[in-house]
Structure formats: C-alpha cells, structure tokens
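Q: Questions regarding the structure given below will be posed in turn.
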Amino acid sequence: VSFVGKGVPVPLYYQIKTRLREAIEAGELRPGDRVPSERELTQRFQVSRMTARQALTELEAEGYLQRIQGKGTFVALPKVEQPLASLTSFTEEMRRLGMQPGAQVRSVREVAAGRMVGALLGIPETEPVVRLERLRLADGQPMALEVSHIPSRLVPGLVNRDLSAVSLYEVLERVYHIRLVRASQSLEAVAAGAQEAEVLQVREGAPLLLLERVARDETGQAVEYVRSLYRGDRYRFVADLVRPRLTGGDGTSQP
Ligand code: GLP
C-alpha cells in the first residue's frame, strides 16, 4: 500500500479501502496480520482521521478486517464452513477442519425446565434439566456460545463431570448410551448484546447467528435443546439442496 493521489475524482477513503482490499486479496496481507491503524493511515496518505476511519470501518463491515478492542485491526480469519443439515457435534466439525476443539464451561447446574424449555423437550415445566453453558473454542479462539438443556433423569451425574475437555455428544454416547439420531434446527440473525460480545470477543451489535436445535434419540425422546450463538464473522453455513417435486393444484407449479 503506497501512494494515493489527491487529484483523482474517487473519494479518498475509497482509494485507501481499495488498496487495502487488494493487498488482502493478493495475499500481501494475510489472515491475522495487523493492518495500519487509523493514525498510521492518516500519516501515510495525508488524509484526515475520519477518512482513514471510514476505509477501515467499511472493510470491517464487509468482513475483510476484524477490530479487536485495545489490540488493533487485523485481516479477518477465513470463515469456518459448516453443514447446516448434518447432526454433528462441535468437536467433530472442528476436527474435520483440522482445528483443535475446546470448551470453557461458564456454568453447569440443574434447574427446573420452565415452560419454554419444557415444551421443547416434551417434559413438564417442573422437571429438572441440566443447563450447561459453554464457550466453544477452535484453536483457542472463541467461536460460539452454547447453552444446552438436557433432562436430568437422562444424564444422572452429568453436572459433576468435567466437561471442559470432552465432547458432550461423546459423553452422551459413551457414558449414558444415548445416541442422537435426528434433530430440528433453525438459524436466524441476531446482534451481539454487551455481555455476549465480551465473551465472544466481538463488538457490541456485531452480527451473530442464532442456532436452535432439538436433538432426539432413536425412540424420539428429545435429549438436548440448545441455543447457540455463532460468530457471524467466523461462520458460513452450507447445505446441499434438492428441488422438490411441485404438486400444483394451488398455483405453486405455475410459472
Ligand atoms: C454443536 C451443537 C450443539 C451440541 C454440540 C456438541 O455445537 N450445536 O447442540 O451441544 O455440538 O458438541 P460437543 O460434542 O463437541 O460438546
């Protein structure tokens, strides 16, 4: 990144933005590299601080850069691709991608299911469930915040196990002989609240993907209801689609 001409009718911020974007695309700046700060850009290109800021802000919004409070601005890491329609665990997904899975248990306790969780798990609202809140890590980096709910009677003693270095799905299979075979899952966009932002190390208001999943065993018994907040800048969900046969009759097959 070098000279930006002032006589050109392209806005200055846009020229700086283009230079940085091209440097990233060309691989001159690599994922995780620190990019020049606002102050450095201001000096290097003889522009105002506002101009430098606008270039960085837009590149961040477009997913090229990541700002880390108190540390600086870095070239964004590539997104993790995750199948949307496959009942896999976090551990399995990270291993498949060659990353080291991890978890920080933020809390684990037994609570009454309550109305909503009870309805989703198909149990009375007074029935106890294990509520497990984990920050999921890949190669030590925060990826997702997950809150799982599992009916306590299915998993006696789970609250007293150390769940920081193990896969929950593996524990369910090996210790409790519960095999999850199917699940319903939904995906929607949300903005990070102050607390979530701090835990996930994103800025407040950053886009997150909220995944909700109810997973069941062979008998159809709901075993886990989970709400997961995935970092929008680290995840891309993918699915293979098959075109359904249109039945018609109500106008659906009309061109
Ligand atoms: C995914 C799912 C969660 C599930 C977790 C289990 O992240 N969204 O519903 O709890 O996998 O992962 P692990 O077996 O690594 O603990």
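Q: Looking only at residues in the range 207-219 that are surrounded by fewer than 18 Cβ atoms within 10 Å (Cβ to Cβ) and not acidic (Asp, Glu), which one is nearest to the ligand (Cβ to nearest atom)?
A: Checked the range 207-219; the qualifying residue nearest to the ligand (Cβ to nearest atom) is Leu210.
Q: Counting only residues that are more than 15 Å from Ser148 (Cβ to Cβ) and under 26 Å from the mean Cα position of the chain (by Cα), how many does the range 102-117 have? Explain how you work it out, then say what you get.
A: Narrowing the range 102-117 to residues more than 15 Å from Ser148 (Cβ to Cβ): 102, 112, 115.
Then drop every residue that is not under 26 Å from the mean Cα position of the chain (by Cα), which leaves 102.
Total meeting the criteria: 1.
Q: While we're on this one: For the range 89-100, which positions are open to solvent by 30 Å² or more (accessible area, probe 1.4 Å) and either at positive phi or not polar (S, T, N, Q) (or both)?
A: Within the range 89-100, Glu92, Arg95, Arg96, Leu97, Gly98, Met99 meet the criteria.
Q: For the range 150-162, which residues satisfy the criterion of being open to solvent by 20 Å² or more (accessible area, probe 1.4 Å) and either charged (D, E, K, R) or within 12 Å of the ligand (Cβ to nearest atom) (or both)? Even if it seems obvious, please write down each step before you answer.
A: Taking the range 150-162 and keeping what is open to solvent by 20 Å² or more (accessible area, probe 1.4 Å), we get 153-154, 156-157, 159-162.
Arg153, Arg161, Asp162, listed by residue number.
Q: Out of the residues in the range 77-118 that are small (Gly, Ala, Ser) and part of a loop (DSSP other than H, G, I, E, B), state the one that is nearest to the ligand (Cβ to nearest atom). If you could, list the steps in order and put the result at the bottom.
A: As a first pass, look at the range 77-118 and keep what is small (Gly, Ala, Ser): 85-86, 89, 98, 102-103, 107, 112-114, 118.
Now drop any that are not part of a loop (DSSP other than H, G, I, E, B), which leaves 85-86, 89, 98, 113.
Numbers: Ala85: 13, Ser86: 11, Ser89: 3, Gly98: 16, Ala113: 17 Å.
The qualifying residue nearest to the ligand (Cβ to nearest atom) is Ser89.
Q: Quick check, is Val147 assigned to a strand (DSSP E or B) and touching a Ser or Thr at 6+ places or on another chain (Cβ under 6 Å)? If you could, list the steps in order and put the result at the bottom.
A: Details: assigned to a strand (DSSP E or B): yes; touching a Ser or Thr at 6+ places or on another chain (Cβ under 6 Å): no.
Considered against the rule, which asks whether it is assigned to a strand (DSSP E or B) and touching a Ser or Thr at 6+ places or on another chain (Cβ under 6 Å), Val147 comes out as no.
Q: For the subset of the range 23-66 comprising residues that are in contact (Cβ under 8 Å) with a residue 24 or more places away in the chain and among the β-branched types (Val, Ile, Thr), which member is nearest to Pro78 (Cα to Cα)?
A: So the residue we want is Ile24.
Q: Give the residue, chosen from Arg236, Arg231, Arg245, that is within 26 Å of the chain's Cα centre (by Cα), over 21 Å from Ser107 (Cβ atoms) and not hydrophobic (A, V, I, L, M, F, W, C).
A: Details: Arg231 fails: over 21 Å from Ser107 (Cβ atoms); Arg245 fails: within 26 Å of the chain's Cα centre (by Cα).
Answer to the check: Arg236.
Q: A further question on this structure: When the residues of the range 168-201 are filtered to those that are under 18 Å from Thr91 (Cα atoms), surrounded by fewer than 16 Cβ atoms within 10 Å (Cβ to Cβ) and of a type in the set (A, V, I, L, M, F, W, C), which remaining residue is nearest to the ligand (Cβ to nearest atom)?
A: By that ranking, first place goes to Val171.
Q: Within the range 53-88, work out how many residues are open to solvent by 30 Å² or more (accessible area, probe 1.4 Å) and among the aliphatic types (A, V, I, L, M). Before the answer, list the steps.
A: Filtering the range 53-88 down to residues open to solvent by 30 Å² or more (accessible area, probe 1.4 Å) leaves 53-54, 57-58, 60-64, 66-71, 74, 77-79, 81, 83-88.
Then keep just the ones that are among the aliphatic types (A, V, I, L, M); that gives 61, 68, 77, 84-85, 87.
Looking only at that region, the number is 6.
Q: A further question on this structure: Could you give every pair whose Cβ atoms fall below 8 Å, whose first residue belongs to the range 85-108 and is among the charged types (D, E, K, R), and whose second residue is away from the ligand (no atom under 12 Å from the Cβ), counting only separations of at least 6 or pairs across chains?
A: Pairs found: Arg106/Val199.
Q: Evaluate the following for Ala165: is it among the hydrophobic types (A, V, I, L, M, F, W, C) and open to solvent by 50 Å² or more (accessible area, probe 1.4 Å)? Talk me through it step by step, then tell me what you get.
A: Details: among the hydrophobic types (A, V, I, L, M, F, W, C): yes; open to solvent by 50 Å² or more (accessible area, probe 1.4 Å): yes.
Here the answer is yes, as Ala165 does meet what is asked.
Q: Just checking, how many residues over the range 77-95 are at pLDDT below 95 and over 14 Å from the mean Cα position of the chain (by Cα)?
A: The initial filter retains those residues of the range 77-95 that are at pLDDT below 95, namely 77-86.
From what is left, the residues that are over 14 Å from the mean Cα position of the chain (by Cα) are 85-86.
Residues flagged as at pLDDT below 95 and over 14 Å from the mean Cα position of the chain (by Cα) within the range 77-95 amount to 2.
The values are calculated or read from the model by the stated rules, or taken from the named source; none is laboratory data. Remember, it's a predicted structure, so these values are computed and weren't measured experimentally. Cβ coordinates were reconstructed from backbone atoms using ideal geometry, including for glycine residues, and neighbour counts include every protein chain displayed. SASA here: full protein model, heavy atoms, side chains in, ligands and nucleic acids out. Shrake-Rupley method; radii C 1.70, N 1.55, O 1.52, S 1.80 Å.
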